[in-house]
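The values are calculated or read from the model by the stated rules, or taken from the named source; none is laboratory data. Model, not experiment: these values are computed from the prediction. Cβ placement follows ideal geometry from the backbone for every residue including glycine, while neighbour counts extend to all protein chains displayed.
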Amino acid sequence: MFRVHGSINKFSIHFLIDTGATSVAMSSVEAKRMGLKYKKGTPMHSSTASGIAKGYALTLDEVKIGHIKIYNVNAVILEGFFPTEVLLGQSFLSRIHMVRDGDKMKLRKKF
């Protein structure tokens, strides 16, 4: 597992890199803390490790890790306290290069 510090819409956040997650995902508790108006997103249900969860799909204006800044990143906000960490999923990861080097992961923007 890899963790990285970054930001969502300029709000400082710690991410858990999750190559198995379709999109950036977080709990509604975390979304509220960041001031995201997630209930204006599209209501949906998501299949999680704990079962089916109610949530909202929306687009984040900006997700930044180090010098890498990606705009218009799809995200899922799940009602409740889980996931306990913000998951950095494929809606961000598919737009960068990732190279694992032992116990480190190097991230680089594709273009």
Identity of the residue in the range 8-21, modelled with pLDDT of 95 or more and over 9 Å from the mean Cα position of the chain (by Cα), that ends up surrounded by the most Cβ atoms within 10 Å (Cβ to Cβ): ILE13
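Conditions tested, residue by residue: (1) in contact with a Ser or Thr (Cβ under 7 Å, 6 or more places away or on another chain); (2) of a type in the set (S, T, N, Q).
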residue	(1), (2)
HIS14	no, no
THR42	no, yes
LEU60	no, no
ILE68	no, no
TYR71	no, no
ILE77	yes, no
GLN90	yes, yes
Some residue of the range 73-95 being closer than 20 Å to ARG108 by Cβ, of a type in the set (Gly, Ala, Ser), assigned to a loop (DSSP other than H, G, I, E, B) and at pLDDT 95 or above: yes
Filtered residue count, the range 26-51, keeping only those that are out of contact with any Leu (no Cβ under 9 Å at 6 or more places or on another chain) and in a strand (DSSP E or B): 5
Close pairs from the range 93-111: first over 13 Å from VAL4 (Cα atoms), partner surrounded by fewer than 10 Cβ atoms within 10 Å (Cβ to Cβ) and modelled with pLDDT under 90, Cβ under 8 Å, at least 6 apart: ARG95/LYS110; ILE96/LYS110; HIS97/LYS110
Residue among ILE52, ILE8, ILE70 that alone is in contact with a helix residue (DSSP H, G or I) (Cβ under 7 Å, 6 or more places away or on another chain), among the aliphatic types (A, V, I, L, M) and without any contact (Cβ under 8 Å) to a residue 40 or more places away in the chain: ILE70
